[in-house]
Amino acid sequence: MAKRITVVISQGQSNSPNKRQLEEDVIAQLLFEQGIDVVVIPHLYDLRPDGTGMLALKGIMGHMVVLSWLYDRAIRWTLDRFDIRGLEGKTLVQSEDESDDEEDDNDASPETVAKKRVIDDRPVPQRRIYCIDLRARTTAQPFVEEVKRIARENAMQLVSLGLGPAPSNVVKAPAPFVDAPAPAPTPVVAKQGSSGTTDEMWARFEKPTNNTHLPLPASNGNVVAGSEIPLDWQKPAELLRIEEEGGRRWYPVIDYSRCTNCMECIDFCLFGVYGVDRVDTILVEQPDNCRKGCPACSRVCPENAIIFPQHKTPNIAGAPVIVGSLKIDLSKLFGAPDTGETAEEVAIRERDEQLAMAGRAVVGAAVGLPKRQTEADNAAPKDELDSLLDALDSSDL
């Protein structure tokens, strides 16, 4: 039997009429689709762990499509933070930047791929979660079509039971991955008192007198005529709207597909945001301790694994990480101003600003960066090519 799929619409934080209209257009069109349940929640990032919205999300057991005003990477790992996990479902609705970055990911260096990540040791439920950024399109139709495609992709096909030639309006199952023709159906011997004709058998199969039969799907996904008990997925879409009071939040989200558990974030953050679980894996333990607007720990993460979904800089907010053979200036990539500061220097300045605002003493570079400083001091001596590049950088060309 095909299973229903749940579509979660995470509303934007602002009351922008354009955003609200897009959300309502998607909801209205999905209500006419079969096999879909729609859940409307406040902004995913702002949900409280014990709130109604989070309880509704945790109650979804099957496949899930989540549409939110966030990068899909930020959606996925925000859900993961609340133990809502599943296999990554591939979506076709992506922004142009995301499509380009996906191609860049295929060029990742062997050293990058070989690193052990936290996700390697984490069990994942056998269901799919599809994350879609509502900023990728400006109209509802592409999102609705993608949801319909995902629903079809996950629908379980009912197969013919081999009771002779099937009527023309019944979908036949494809041959089972062999080149040889399928064997002829076994003749059925009629019982005494029965005509034994195939047509009558199919009529009884389509419209039985008991209540244990399954309806037959037609090619358009509907149930063929004569089937009295509809499948669960044939029911019209059900809508659940959840209202939840609460202000905007600010806390880091860890991408465990990139995190190597190096602990540099817990060393750098001085506000008690991070902790470890029973197996010493890094986690966000006290999210509300995070200083609003401060993304310093994200800048010092060597694997770009820390996301602040609401930050204005795309790569801190969860945009796909550019990896591979590209030579990029990470300080510019992660939002450093054009003042010659590195990402670490910007992070130190941001942390000191927050310490001062909290009435605490600033610490500069003395805390949180010893590992990096030691590695830099112990780096291999520069060769001739490095010296040549340094000379070019210092020239006035």
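Details
- Scalar couplings 3J(HN,Hα) for segment 75-84, obtained by applying the Karplus form with A = 6.51, B = -1.76, C = 1.60 to θ = phi - 60°, are 4, 4, 7, 5, 4, 4, 4, 9, 6, 9 Hz; x denotes Gly and Pro.
- Modelled FRET efficiency - R0 22 Å, L283 with D120, Cβ distances, 0.05 increments: 0.85
- Least to most buried among D37, D121 (fewest other Cβ within 10 Å first): D121, D37
- Burial ordering of R73, R122, R81, R278, fewest other beta-carbon atoms within 10 Å first: R278, R122, R81, R73
- Placing a pseudo-label 7 Å from each Cα along the Cα-to-Cβ vector at E88 and A361 gives an inter-label distance of 4.4 nm.
- Counted by Cβ distance under 9 Å from Y251, the other residues give a net charge of +1, where Lys and Arg count +1 and Asp and Glu count -1.
- Inter-label distance for E24 and L239, nm, one decimal - labels placed 7 Å from Cα along Cα-to-Cβ: 1.0 nm
- Cross-link pairs beyond the 28 Å C-alpha cut-off, checked among K3/K90; K19/K58; K148/K292; K3/K58: K148/K292
Every read-out reported here was derived from the displayed coordinates using simple, explicitly stated rules and does not represent laboratory data. Since the structure is predicted, the reported quantities are computational estimates derived from the model, not experimental observations. For neighbour counting, all protein chains shown are included, and Cβ atoms are generated from backbone atoms with ideal geometry for every residue, glycine included.
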